[in-house]
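Here is the structure we will look at.
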Amino acid sequence: MFPVRTAAVAADPPEPLQPASDQLHSLETRRLSAWYGERLAIRDVNLSFAPGQITAIIGPSGCGKSTLVRCLNRMHEVTPGASVTGSVLLDGDDIYAPGVDPVLVRRRIGMVFQRPNPFPTMSIFDNVAVGIRLNGVDVGKSLSDLVWEALDRVGLWNEVKDKLRQPGTALSGGEQQRLCIARALAIAPEILLLDEPTGALDPAATLKIEELLRQLKNEFTIVIVTHNMQQAARVSDVTAFMLAGPDRVGTVVEVGPTRQIFTSPKDRRTEDYITGRFG
Ligand SMILES: Nc1ncnc2c1ncn2[C@@H]1O[C@H](COP(=O)(O)OP(=O)(O)O)[C@@H](O)[C@H]1O
Ligand SMILES: [Mg+2]
């Protein structure tokens, strides 16, 4: 049975949320393939995301990076006609095993998208509180303490403490993205997935997010998709390079320590990509 760590929905007696730092979590894919209808988008991806490390997924547009990360928390199947084969193991348990509730998977494996997407009708406070309200509150902590904690963790508290009732969309792009990260962190996920989280941000806001990710990796296992190679080099410990072949099916060409991938790649295609010969 899939172990459920954070379940404390309204009707159940509250269950304590374990702080993620108590134990870092691992994620691994085994022969993971994903389709959109009849069309195979990624094939046989075997990747192991090391606990407490940042893994960057790089590769040209259309090679399947977003498809891959969306398979990692069962978001892929939300697209009509989309399907997956193979497995994704969270601490050894297959999130695709029969009977596993995708909603619980997405609670344990949080996701942040390219375009900051605070709920437009909600205040800054409610944007963070909404997940806590839906998923249950840590025993012994008030909702406002949990919201404060999440906003403080992403370095946003000082900026927003006097305007918690204003809409989340009133913030700058970079602040909105940190708000979305706070919203993801507030429900104590075990793994954090980010799909081009700075793709819509200016350089200063981008650096702030990168600094935040470096801090967070002590507590979370992080997977970041980026087509910005400098970003991968700056923030990640491990880099996986994906490429779509002539059949337009994406595969992982090479994975290794980030320094090695950027200084002495083993595959010619990786070298061509990082030296800017294509993509
Ligand atoms: N909703 C969808 N329906 C059909 N094909 C899709 C869909 N989303 C992505 N694809 C296709 O899957 C492939 C991989 O896309 P994607 O994962 O978005 O790549 P990346 O994030 O690396 O740019 C592309 O060929 C893309 O056209
Ligand atoms: Mg993408």
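Here, each number is a calculation from the coordinates, and none is a lab measurement. Just so it is clear, the model here is predicted, and its values are computed rather than measured. Every residue, glycine among them, receives a Cβ derived from its backbone with ideal geometry; neighbour counts consider all protein chains shown.
Structure above, values below:
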{"item": "P(r) weight above 24 Å for segment 149-279, C-alpha pairs, percent", "result": "38"}
{"item": "Share antiparallel - DSSP beta bridges, the chain, percent rounded to 5", "result": "60"}
{"item": "Extension gain (nm, one decimal) between ASN228 and ARG133, 0.36 nm per residue minus Cα-Cα", "result": "30.7 nm"}
{"item": "FRET efficiency, 1/(1 + (r/R0)^6) with R0 25 Å, evaluated for LEU207 and PHE119 via beta carbons", "result": "0.40"}
{"item": "Cα-Cα P(r), segment 98-149, percent of pairs per 10 Å interval", "result": "20, 45, 30, 5"}
{"item": "Cβ-defined net charge surrounding THR221, 12 Å radius [Lys, Arg +1; Asp, Glu -1]", "result": "-3"}
{"item": "Volume per residue of the C-alpha convex hull in the chain, rounded to whole Å³", "result": "129"}
{"item": "Packing-based exposure ordering (other Cβ within 10 Å, fewest first) of PHE278, PHE241, PHE262", "result": "PHE278, PHE262, PHE241"}
{"item": "Sites ARG248 and ASP94, calculated FRET efficiency, Cβ-Cβ separation with R0 35 Å, nearest 0.05", "result": "0.80"}
{"item": "Order of SER61, SER87 under a 10 Å beta carbon neighbour criterion, fewest first", "result": "SER61, SER87"}
{"item": "P(r) tail fraction, segment 207-279 - alpha-carbon pairs more than 20 Å apart, %", "result": "33"}
{"item": "Mean projected area in nm² (Cα convex hull; one quarter of hull surface) for segment 168-242", "result": "5.1"}
{"item": "Value of [θ]222 nm, deg cm²/dmol, for the chain, DSSP H segments ≥ 4, -39500 (n - 2.57) each, nearest 500", "result": "-9000 deg cm²/dmol"}
{"item": "Long-range tail of P(r) for segment 72-136 (Cα pairs > 17 Å, %)", "result": "54"}
{"item": "Cα pair distances of segment 45-167 binned at 10 Å [whole percent]", "result": "10, 33, 32, 22, 3"}
{"item": "Once the Cα gyration tensor of segment 36-95 is diagonalised, semi-axes √(5λ) in Å", "result": "20, 15, 10"}
{"item": "Sequence of SER26, SER236, SER144 once ranked by neighbouring C-beta atoms within 10 Å, starting from the fewest", "result": "SER144, SER26, SER236"}
{"item": "Reference-scaled alpha-carbon Rg (2.2 N^0.38 Å with N residues) for segment 117-220", "result": "1.00"}
{"item": "Most mobile listed residue (ALA82, ALA182, ALA41) in the chain, GNM with C-alpha springs under 10 Å", "result": "ALA82"}
{"item": "Segment 139-186 pair-distance distribution - Cα-Cα, 10 Å bins, rounded %", "result": "28, 60, 11, 1"}
